[in-house]
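Reading through the structure tokens given below for one structure.
The values are calculated or read from the model by the stated rules, or taken from the named source; none is laboratory data. Just so it is clear, the structure is predicted and the values come from calculations on it, not from any experiment. In this analysis, Cβ positions are derived from the backbone assuming ideal geometry, glycine residues included, and neighbour counts consider all displayed protein chains. Accessible surface is based on the protein model in full, side chains and every heavy atom, while ligands, DNA and RNA are left aside. Shrake-Rupley method; radii C 1.70, N 1.55, O 1.52, S 1.80 Å.
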Amino acid sequence: MSIPLVSKAVPKLDEATEKMQTRLCRLVGQAIADYRLIEEGDKVMVCLSGGKDSYGLLDILIILQQRAPIRFDLIAVNLDQRQPGFPEHVLPQYLTSREIPFHIEARDTYSIVKRLIPEGETTCSLCSRLRRGHLYRIATELGATKIALGHHRDDIVETLFLNLFYTGKLKAIPPKLRSKDGRHLVIRPLAFVKEADLARYAELRAFPIIPCDLCGSQEDLKRKKVKAFLRQWEQESPGCSDSIAAAISNVAPSLLMDSRLFDFASLTSTATDQSDGDVWLDHEPAPHEPVEASPQPLEFLR
């Protein structure tokens, strides 16, 4: 089901909502500018699950669409995975009331996951793969040039630690990713946004949240353990989550151990001064030293 509508202006907000909205617009605009997530003439397919993150993503992109110096189109897409009790009316009613173009498609991935994954085991991986395949196909059919997902800063940090703890890899979630076949670009405009801010914004905006029972019922997910670990760490050492997030975009390959990123084998002594040598030994940052904002201007919002 596809509804080609034109979005309308957001009504006047109260002070708290406007303040949070301004903050989110700034952070999303910064991510778009830093990583060139959206460009002139793009048709952005915003994946809407009914959760707080995707609602917030869509809402902020609508606002930026009205303010940006470039022209781009938005279409909200929901994949109804036929979970028992899924309220099919909620998203169409919300999107229609906001006059947002949308497409909703029903595919019974829920039954496939339940049939293939034993009771009690994690279903997220298979569910994600099945959903991704359908979303890529839908993007092609709709002529979308970008696929926007609602992963936020906390998701990125948690994924970094999941890979450190369980896979032996130093990787997280990128703000921009090309699909394996090269046909699709996936973007994550919420890469700089904290989950707490999205939760507060969803509350202020009174989004009609739809819970995800399929993954929410699995209490022992590794991601939930990592989330709890990071929450405790932040409580004991306030500001560490900001530092971790900053570190992901402040990498020093020569101070790690991956020869694919830095040619250690060819490294030799030299008689000339090397500005990037061992200067790191001269400075130990104070705990949670303030993280500088990106020096790049917010061209996207100008």
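When segment 238-270 is filtered for residues that are under 25 Å from the mean Cα position of the chain (by Cα) and open to solvent by less than 80 Å² (accessible area, probe 1.4 Å), the ones remaining, listed by number, are GLY239, CYS240, SER241, ASP242, SER243, ILE244, ALA245, ALA246, ALA247, ILE248, ALA252, PRO253. Evaluate the following for GLU88: is it open to solvent by 60 Å² or more (accessible area, probe 1.4 Å), at pLDDT 80 or above and at positive phi? Here the answer is no, as GLU88 does not meet what is asked. Scanning segment 183-221 for residues that are modelled with pLDDT under 95 and not in a loop (DSSP other than H, G, I, E, B) turns up ASP213, LEU214, CYS215, GLY216. Residue under question is GLY29, and the condition is that it be more than 18 Å from GLU195 (Cβ to Cβ), modelled with pLDDT under 90 and touching a helix residue (DSSP H, G or I) at 6+ places or on another chain (Cβ under 9 Å); does it hold? So GLY29 does not fit the description; no.
Here PHE192 qualifies as touching a residue at least 40 places away in the same chain (Cβ under 8 Å), open to solvent by 50 Å² or more (accessible area, probe 1.4 Å) and under 30 Å from LYS12 (Cβ atoms).
With respect to (1) over 27 Å from HIS184 (Cα atoms); (2) in a loop (DSSP other than H, G, I, E, B), the lone exception for ALA16 is condition (2).
All conditions in (1) modelled with pLDDT of 95 or more; (2) part of a loop (DSSP other than H, G, I, E, B); (3) loosely packed, with under 14 Cβ neighbours inside 10 Å hold for GLN232, with the sole exception of (2).
Here THR22 meets the list (1) in contact (Cβ under 8 Å) with a residue 12 or more places away in the chain; (2) surrounded by fewer than 20 Cβ atoms within 10 Å (Cβ to Cβ) almost entirely, failing just condition (1).
Looking at segment 52-72, can you tell me whether even one residue there is aromatic (Phe, Trp, Tyr), open to solvent by 10 Å² or more (accessible area, probe 1.4 Å) and more than 14 Å from ALA202 (Cα to Cα)? No, every residue in segment 52-72 fails to be aromatic (Phe, Trp, Tyr), open to solvent by 10 Å² or more (accessible area, probe 1.4 Å) and more than 14 Å from ALA202 (Cα to Cα). Screening the candidates ILE173, ILE138 for the property of being modelled with pLDDT of 85 or more, open to solvent by less than 60 Å² (accessible area, probe 1.4 Å), of a type in the set (Val, Ile, Thr) and part of a helix (DSSP H, G or I) yields one hit, ILE138. Mind listing whichever residues of segment 271-282 are open to solvent by 100 Å² or more (accessible area, probe 1.4 Å), under 29 Å from GLY168 (Cα atoms) and either at pLDDT 70 or above or part of a loop (DSSP other than H, G, I, E, B) (or both)? Selection gives ASP276 alone.
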